[in-house]
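Trainee: The structure's right below; bear with me while I get my questions together.
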Amino acid sequence: MSDEQILRTVLDRWASAVDAHEPERVASSFTEDAIFQGLRPYTVGRAGVAAYYASQPLGLTAVYDVREVRRFADDLLLGYLDVRFGFTDRPALSVHLGVVVRRVDDDWLIAHYQVSKLD
């Protein structure tokens, strides 16, 4: 698989779980010790990721475009994306998202997630 295909596989799994409003499944796309920075104070670990997405409104959707991918090591990729979070009751929110994905055993998981809000 190419680096972009690896990144897309991880992010498709993440987006599918976000769209289904399944916070525990969202969290399963992250490493056990993932650093997570959404639009609120950061957290570390899957429990914080699950809590963040559990607090999101029903109907939230995530659509992304990959802007850049860089491989830093055999088991480490950096991705830079544009993400559009859709809501049922308000305008969509567009953000930049930086992720670091890491191979853990036979899977790739998000080890770092950092959102930057567009002005």
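Trainee: Could you list all residues from region 85-96 that are exposed (fewer than 14 other Cβ atoms within 10 Å of the Cβ) and either in a strand (DSSP E or B) or of a type in the set (A, V, I, L, M, F, W, C) (or both)?
Mentor: Ala92, Ser94
Trainee: Return the residues of region 21-76 that are among the small types (Gly, Ala, Ser) and part of a strand (DSSP E or B); say none if nothing qualifies.
Mentor: Ala34, Ala62, Ala73 - these are the residues of region 21-76 that are among the small types (Gly, Ala, Ser) and part of a strand (DSSP E or B).
Trainee: Quick check on region 17-56: of everything there that is among the hydroxyl-bearing types (Ser, Thr, Tyr) and touching a strand residue (DSSP E or B) at 6+ places or on another chain (Cβ under 9 Å), which residue is surrounded by the fewest Cβ atoms within 10 Å (Cβ to Cβ)?
Mentor: Going through the qualifying residues, I end up with Tyr42.
Trainee: Among Gln114, Gln37, Gln56, which is the only one that is over 11 Å from the mean Cα position of the chain (by Cα), more than 17 Å from Asp3 (Cα to Cα) and polar (S, T, N, Q)?
Mentor: Working: Gln114 fails: over 11 Å from the mean Cα position of the chain (by Cα); Gln37 fails: over 11 Å from the mean Cα position of the chain (by Cα).
After applying the criteria, what remains is Gln56.
Trainee: Something else: Does Asp82 satisfy being out of contact with any Leu (no Cβ under 7 Å at 6 or more places or on another chain), outside any strand (DSSP E or B), loosely packed, with under 15 Cβ neighbours inside 10 Å and among the acidic types (Asp, Glu)?
Mentor: No, not satisfied.
Trainee: Please specify each residue of region 57-93 satisfying the condition of being touching a His at 6+ places or on another chain (Cβ under 8 Å) and either touching a residue at least 60 places away in the same chain (Cβ under 8 Å) or polar (S, T, N, Q) (or both).
Mentor: Once the filter is applied, which keeps residues that are touching a His at 6+ places or on another chain (Cβ under 8 Å) and either touching a residue at least 60 places away in the same chain (Cβ under 8 Å) or polar (S, T, N, Q) (or both), region 57-93 yields only Leu81.
Trainee: Residues Val44, Val63: which one is under 26 Å from Met1 (Cα atoms) and modelled with pLDDT of 95 or more?
Mentor: Val63
Trainee: Only one residue in Phe30, Phe87 is of a type in the set (A, V, I, L, M, F, W, C) and within 17 Å of Gln114 (Cβ to Cβ). Which one?
Mentor: Phe30 is the lone residue from the list that is of a type in the set (A, V, I, L, M, F, W, C) and within 17 Å of Gln114 (Cβ to Cβ).
Trainee: Now for a separate question. Across region 97-119, which residue is surrounded by the most Cβ atoms within 10 Å (Cβ to Cβ) among those that are free of Cβ contacts under 8 Å to residues at least 24 places away in the same chain and under 17 Å from Arg8 (Cα atoms)?
Mentor: Step one: list which residues in region 97-119 are free of Cβ contacts under 8 Å to residues at least 24 places away in the same chain, which gives 98, 105-107, 116, 119.
Then keep just the ones that are under 17 Å from Arg8 (Cα atoms); that gives 98, 106-107.
Numbers: Gly98: 16, Asp106: 5, Asp107: 14.
Filtering region 97-119 for residues that are free of Cβ contacts under 8 Å to residues at least 24 places away in the same chain and under 17 Å from Arg8 (Cα atoms), the one surrounded by the most Cβ atoms within 10 Å (Cβ to Cβ) comes out as Gly98.
Trainee: What single numbered condition from (1) in contact (Cβ under 8 Å) with a residue 12 or more places away in the chain; (2) among the hydrophobic types (A, V, I, L, M, F, W, C); (3) more than 15 Å from Gly98 (Cβ to Cβ) fails to hold for Ala20?
Mentor: Of (1) in contact (Cβ under 8 Å) with a residue 12 or more places away in the chain; (2) among the hydrophobic types (A, V, I, L, M, F, W, C); (3) more than 15 Å from Gly98 (Cβ to Cβ), only one is false for Ala20: (1).
The values are calculated or read from the model by the stated rules, or taken from the named source; none is laboratory data. All values derive from a computational prediction rather than experimental measurement. A quick note on method: Cβ atoms are made from the backbone with ideal geometry, for glycine too, and the neighbour counts reach across all protein chains shown.
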